[in-house]
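Written out below as structure tokens is the structure these notes cover.
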Amino acid sequence: MSANKEIYVMGLSGAKKITDSICKNLGILPMETTISRFADGEIMVRPEQPVRNRRITIVQSLSKPVNEKIMELLIAIDSLKRASAKEINVIIPYYAYARQDRKTLGREPITSKLLAKLLEKTGATRVAIVDVHSEQTQGFFDIPVDTLRATMLLISQAIKNISVENLTVVSPDYGGVKRARKIATALGVPLAILDKRRPKPNQAEILNILGDVQGRDCLIADDMIDTAGTIVAACKVLKSKGAKTINIVSTHGILSGPAIERLTDAVNTEVISDIYLSNSIESVYESNIPNLHVVDLGEYLAKIIEVYYSEAGSISKIYNLYGPKGKK
């Protein structure tokens, strides 16, 4: 990529590594930014260079501690708005609260929309979200929003180590069928679906498998791994049905609670062969899970930013650069 001194990228505490990678690919340095906290925990964010009439891109992943990362992002947007920034683009590699996108029981909030409105009202002029849990999230915004897809980038890395000749793509549930079908079609391989019900949050029961996995190399594609209970249970069911190997591809490694222990045990007992996660949540670098491959999104997001600043081009064409090549 060519260096562009007119591109300004501010990386917040949830996205330091990915911001460095983005800026390296853009040929620029990250904006100098001071992030400090008062004794009582209040957050201060201040850009250390003028932003008047400039177009700024903020990068922040809303990972643990989620609510602190959200406040840090809102304060950063407010600081830029009050400093007369011309445009504030916000790239959110991991968008928190995306699972609270509808009411399933009485008196439940729709927090995904609440967060969208907070970003909008604070002063964001455009938002980009990577592999959001539900595409309907973009309807919560009244400003331009791009729901970016990074799954194919991870798949293209995974199939460097997996032969597609004996591959079956597995959707972990009915909600992921559309994503899994696109991958299976791109690779020219069969699709299987896990029939799952979720009696309560972070718990799931696998009732059946639709499709043949006997003797197959299986690739499970999901948007996130939280406690890893669901994904490990799915892998054990696939193994019991005769799957030869199981590889996991997931954009967001939330890895809450017992997730690291569960995944480590599943790899060590050969239930799972390899795991591919993006660096949308940077704590994956410290997880020390065996056979974990962390896929950097920096180059991909840098190309997205170039499209924003050029006011031309196509994000869809960027997807084509990273699409996996299946069987001929």
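In this simple spin-label model, placing a label point 7 Å from the Cα along the Cα-to-Cβ direction at both residue 82 and residue 265 gives a separation of 4.9 nm. The residues of the chain have, on average, 46 Å² of accessible surface per residue, using a 1.4 Å probe with all protein chains present. Between residue 314 and residue 135, the FRET efficiency from the beta-carbon distance, with R0 = 25 Å, is close to 0.85. Based on Cα atoms of the stretch 268-328, Rg over Rh with Rh as the Kirkwood radius reads 1.12. Considering only DSSP beta bridges with both partners in the chain, what is the antiparallel share in %, to the nearest 5? Within the chain, antiparallel bridges account for around 25 percent of the total. For the stretch 1-96, the set of trypsin sites (Lys or Arg not before Pro) satisfying both a DSSP loop assignment and a count of at most 11 other C-beta atoms within 10 Å is given as 5. Kirkwood hydrodynamic radius of the stretch 242-303, from the reciprocal of the average inverse Cα-Cα distance over all distinct pairs: 12.3 Å. Centre-to-centre separation between the Cα atoms of the stretch 15-55 and those of the stretch 271-322: 20 Å. Taking a straight line from the alpha carbon of residue 24, these aspartates and glutamates sit under 18 Å away, with near neighbours fewer than eight places off in the same chain left out: 6, 32, 282, 296, 299, 306. Selection among 134, 166, 148 by position relative to the dipole of the stretch 130-173 gives 166 as farthest towards the positive end (Cβ unit charges, Cα centre). Whole-Hz Karplus values for the stretch 222-229 come out as 9, 7, 8, 10, 9, 7, 6, x Hz, taken residue by residue from phi with 6.51 cos²θ - 1.76 cosθ + 1.60 and θ = phi - 60°; glycine and proline positions read x. Along the charge dipole of the chain, pointing to its positive end and built from +1/-1 on Cβ of Lys, Arg, Asp and Glu, which listed residue (8, 100, 192) has its Cα farthest out? Value: 192.
Residues of the stretch 164-180 with the amide nitrogen closer than 12 Å to a label point 7 Å from the Cα of residue 210, along Cα-to-Cβ, please. Answer for this model: 171-178. Here residue 38 and residue 166 are evaluated by their C-beta separation; at R0 = 41 Å the FRET efficiency comes out at 0.10. Computed from point charges on the beta carbon alone (+1 for Lys and Arg, -1 for Asp and Glu), the dipole magnitude for the chain about its Cα centre is near 720 Debye. Axis of helix 177-187 versus longest Cα principal axis of the chain: the two differ by about 80°, to the nearest ten degrees. Ignoring the sites themselves, the chain has its longest run without GluC sites (Glu not before Pro) in a DSSP loop having at most 14 other Cβ atoms within 10 Å at 49-269. The stretch 63-133 and the stretch 144-168 have Cα centres spaced 26 Å apart.
The values are calculated or read from the model by the stated rules, or taken from the named source; none is laboratory data. Note that the structure is predicted; figures quoted are calculated from it, not measured. Reconstructed Cβ throughout: ideal geometry from the backbone, glycine too, with neighbour counts over all protein chains shown. Calculation scope for accessible area: heavy atoms of the full protein, side chains included, ligands and nucleic acids excluded. Shrake-Rupley method; radii C 1.70, N 1.55, O 1.52, S 1.80 Å.
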